[in-house]
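Read the structure below first, then the notes.
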Amino acid sequence: MRGKALILTAIFLLSISSAFAGWEKKPQLRWSQFYSYDTRRADHQLYANRISALFTYQGQQKQQLFKIMPFLEARRNVKRDIWEREELGLEAGRDIFPWFYLGEAIQAVWLREDYQRSDQQNYNWHKERKSTESETRFMFKRNILSIEQIEFEGFLLGEYTYDFKMGAGVRNETTLGIILPLNKNMETGVNWRHIDRIHDFDSDVIEASVAVIF
């Protein structure tokens, strides 16, 4: 109930905002694919698909007010051959500065993860668990290299996840990476991600991604 109330509150606030804000441009649709290799655990290699739509609101003076992004993500554990985690949510945020973004997401999640026994080397098989999470996200970004018309963008991303059903924070994640635009409709990237599971084991992950932008 608590998670549903938060989602309804977010939708209500967004509906109010439409009365004084306008569209900056048409929504940006994005389809992203990721492959993550966990350097610490051989049974935790993930393939993920993420579909999102980015809406940007602006005020009467054409200044950016905030952004909203509904999203759907599914992660498959290729070693265990199961869909380990699925998310459906909504993120609201703002570019505080051209180089700094701050956002907050509310997401419903369906989990087949098992991170409750740090003394075990492998997962236990168990039934799906459902929950609602909030995810606080901040990102620093900057163009670090230009070659002709191609610009490499570096970024530092921090994410903190709170599980309402557990009543506790469950993950702290730090990501350092590079994004390379291939053209106006496609980009690729590579990053290193450290995942601190607050109640269990940590991961150091090497992640590659490709995104198609519509």
Quick check: anything in segment 89-97 more than 13 Å from the chain's Cα centre (by Cα) and either modelled with pLDDT of 95 or more or outside any strand (DSSP E or B) (or both)? no
Name the single residue, out of those in segment 17-49 being surrounded by fewer than 13 Cβ atoms within 10 Å (Cβ to Cβ), farther than 21 Å from PHE201 by Cα and charged (D, E, K, R), that is modelled with the lowest pLDDT. LYS25
Taking TYR162 as the residue in question, decide whether it is farther than 27 Å from VAL78 by Cβ and either at pLDDT 90 or above or not in a strand (DSSP E or B) (or both). yes
Consider only pairs whose beta carbons are under 6 Å apart and that are at least six residues apart or on different chains; among these, list those whose first residue lies in segment 27-42 and is in contact (Cβ under 8 Å) with a residue 40 or more places away in the chain and whose second residue is surrounded by 14 or more Cβ atoms within 10 Å (Cβ to Cβ) and assigned to a loop (DSSP other than H, G, I, E, B). TYR37/GLN45; ASP38/HIS44
Name the single residue that is farthest from ASN49 (Cα to Cα) among those in segment 156-180 being of a type in the set (D, E, K, R) and crowded, with 18+ Cβ neighbours inside 10 Å. ASP163
Conditions first: (1) out of contact with any Gly (no Cβ under 6 Å at 6 or more places or on another chain); (2) among the hydrophobic types (A, V, I, L, M, F, W, C); (3) within 20 Å of ARG137 (Cα to Cα). ILE198 passes all but one, so which condition is the exception? (1)
In segment 80-87, is there at least one residue being acidic (Asp, Glu), surrounded by fewer than 18 Cβ atoms within 10 Å (Cβ to Cβ) and touching a residue at least 12 places away in the same chain (Cβ under 8 Å)? no
Residue list for segment 181-209, filter: under 16 Å from PHE34 (Cα atoms) and exposed (fewer than 15 other Cβ atoms within 10 Å of the Cβ): MET186, THR188, VAL190, TRP192, HIS194, ASP204, ILE206, ALA208
Give segment 182-201 a look and list any residue that's part of a strand (DSSP E or B) and either at pLDDT 90 or above or at positive phi (or both), or say none. MET186, GLU187, THR188, GLY189, VAL190, ASN191, TRP192, ARG193, HIS194, ILE195, ASP196
Restricting segment 52-88 to residues that are over 18 Å from the mean Cα position of the chain (by Cα) and assigned to a strand (DSSP E or B), the residue that is nearest to GLU133 (Cα to Cα): ILE82
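The values are calculated or read from the model by the stated rules, or taken from the named source; none is laboratory data. These figures come from a predicted structure and were not determined experimentally. Glycine also receives a Cβ, built like all others from the backbone with ideal geometry; neighbour counts cover every protein chain displayed.
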